[in-house]
1. Going through region A:1-103, which chymotrypsin sites (Phe, Trp or Tyr not before Pro) have at most 14 other Cβ atoms within 10 Å and a DSSP loop state?
2. How many nm separate the modelled label positions at B:SER232 and B:GLU247, each set 7 Å beyond the Cα in the direction of the Cβ?
3. Rounded to two decimal places and with Rh computed the Kirkwood way over Cα pairs, what is Rg over Rh for region A:200-327?
4. Could you please rank A:MET309, A:MET299, placing first whichever residue has the fewest other Cβ atoms within 10 Å of its Cβ?
5. Defining a contact as two alpha carbons under 8 Å apart and six or more residues distant in sequence, what relative contact order in percent does chain A show?
6. Name the residue, out of B:LEU237, B:LEU203, B:LEU356, whose mean-square fluctuation peaks in a Gaussian network model built on chain B with Cα pairs under 10 Å.
7. Percent of Cα-Cα pairs more than 38 Å apart in the protein assembly as shown, please.
8. Using all C-alpha to C-alpha distances in chain B, build P(r) with 20 Å bins and read off the rounded percent in each one.
Amino acid sequence: MMDSLAAVLYLILFPGFVFLLVFGLFCEWVDRKVYARLQNRVGPPLFQPFADLIKLLGKEDIIPKNVDSILFQYTPLIAFAAVMTPIIFIPIWSATALFPLQGDLIIALYLLSIPALALFVIGWSSVSLYPLLGGFRAATMLFGYEVPFILACLSCGIIAGSWRISDITAYLEMYPASMLIVIPGFVIALLALEAKLERTPFDIPQAETEIVGGVLTEYSGKKLAVMRLMDDIRMVVGSSLIAAVFLGGFIVSYGSISWAGTDLTNVINFLLYIAKSLMIVFLLAVIRTLFARIRIDQMLDFSWKYLAMGGIFQLFIAVMYIGILHG
Amino acid sequence: MEKNILIPIGPQHPGFKEPMRLDISIDGEKVVDADIILSFNHRGIEKATEARSYIQNLYLIERVCGICSHAHTTSYCHAVEEILGLQVPDQARYIRTFIGELERIQSHLLWLGIAGHEIGWDTLLMYTWRDRERVNDMLELISGNRVHYAMNTIGGVRRDIAQEDISGLKEGLDLLEKSVKYYIHVITEEETFLMRTRGVGYLSTDKARKLCAVGPTTRASNVKIDVRADDSYAAYLDLDFSVVTAESGDVWGRSIVKTGELVQSIRICRQVLDVLPGGEIRTKAPPKVPTGEAVSRYEAPRGELIYYVKSNGSNMPERVKIRSPTLGNWLVMAEMLKGVYIADVPIVVDAIDPCLSCSARVTMTDYSKGKKVVTTLGALGKWKKGRRGIA
């Protein structure tokens, strides 16, 4: 009884919904602020993303006449749930995640690609040109970035000899030097995540100047707020995943740190987690500043020619490394 | 046969800064055909000029366009001065040139920013528009205004450039030159910018000549026309500058031409500040203009601007006809759009730097039927009535 109550509290408060909400909005602020500062602008105040969310929640919620009402209304919730779930597999305050499973890396990758499919469904059910085009583009892009992303993440799994994120983190902590081996994979995963999050230079499905609001053109009010929040949480969960898989070494689990008689290991680890995620958000914002949006065909070219090839290269390095180590 | 999807872009669309509609037929992600529908904001300025005196018209004509307001008034003044046979003082000629070049700088910087925005690169927009503020500040220093400078009057200019302002202006030009050089570096080196602009919206030299394109659009297709050099006016004959052309004929070429012109404009401005002759800034013009007519050509930032003024001896013109540069570029735009990706439509449209408020009295072109219809004002009204109610 107590266990399940605790589990519910974990899921709702920390590291579940409430934490993701707050951290997601904070990351959005960091992203927007960095983006603005790099562009010679002042940028939004700290509470701006929160204010935007509240305001959107209070706005009129319109369901256009011809849409497929059920798909239109409930797909955002499915996408929202899907992006939040991986957090229970990702180590946050210690080397072990909340509910680690064997093979949870695969589950996390799978759950993180649900939003792209949801966007396609939304585009389809909106019965409107711009969402339709946006949905097609979102689905087409999926074929570009998904393979490199998975290849890069799996290389870490191969090095650690486990497809459990917690094990990868533990392994990287034990052998921090192996983080050097996955640097190419880190770069690939970062670029693929940028594409996954549909941000410049890969913001093709929501290119404002081409297809207006993209997939979300017909959305308003609460549903739009949910989708925007989904984007933020996707960013947080995606960066946490990369942080755990590629930067797992920066964690303290062997031995403990205490100060004035209090055990601070978990606090330190949590702060390290925040720092790692924010660093990745920062890098994502820098990428967003530096490049112009490329076309969908160029994006597919780029991901297959360079990212996927790089992913295979990374996989090769990982296998070689294992072979030399254990061979 | 597969039916092409028709996508209406506009009249209200984030890709366009002013109302215009573009019906594009697409096959997959490629544009097969484009139909341009214009005149959503006809304002009747040409007609309105006939009910105002020559001096009042200056302020009306300045408001034809917010970006090249000086181009319009200068061109108008040249036409009226020609009918009057007025000799404009040297100082006024130089000041007109100076303001005109500053205006070109701010217009091209504005274009570069919008081009960046169209291809999703807002960083370029933020940087160029920050520097555009500097030009606006310089214009404010001279004229007191940032958009409609109200510098021209018939027979000269209304304000002199003060001696104590010259050092500030030179400083501003130095800063601008630095950032313009940086932009040239950026647009020639940055890979994603090249990916989005190279080979996009191609216009051959032949087509550019045949369809009578004007301004940077033509020069990017390697046609060397520039009214400043070909039919010199104001002080351009005394100044040293070169006409920038590019050979690629695509959007990238147009950006190269425009940034190259920024360098030339800064060069012209420096020369003007060095050789300002001083003295009178205006010749007094009589309120009534004798019967006659004149055409004046002016190289506005977007291309050749033509004013035709006909007078009837009273203090109001009988007819003022404006041929704005954007009007000359619609045809080539439709040409450039064929075969590009949907994703490239905004940047191709923007590459001609369309200024709709200048050109909302229009030759309409029906590409689906392959015929051109020159619309009169009356027909335009009927046409609008007929279209009403159609989504």
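1. Values: sites: A:TYR10, A:PHE17, A:PHE19, A:PHE23, A:PHE26, A:TRP29, A:TYR35, A:PHE47, A:PHE50, A:PHE72, A:TYR74, A:PHE80, A:PHE89, A:TRP93; in loops: A:PHE47, A:TRP93.
Passing sites in region A:1-103 are A:PHE47.
2. 2.9 nm
3. Details: Rg = 20.2 Å, Rh = 18.4 Å.
We get a ratio of 1.09 for region A:200-327.
4. Working: A:MET309 14, A:MET299 22.
Going from sparsest to densest Cβ surroundings: A:MET309, A:MET299.
5. Values: 518 pairs, mean separation 86.1, N = 327.
Reported relative contact order: 26 percent.
6. B:LEU237
7. Numbers: 121528 of 257403 pairs.
Across the protein assembly as shown, Cα pairs with separations above 38 Å total 47 percent.
8. Spelled out bin by bin, chain B gives 28, 57, 15, 0 percent.
Every number in this text was worked out from the coordinates using simple rules, so none of it is lab data. Since the model is a prediction, treat every value here as computed from it, not as a measurement. Every residue, glycine as well, gets a Cβ built from its backbone with ideal geometry; the counts of neighbours run over all protein chains shown.
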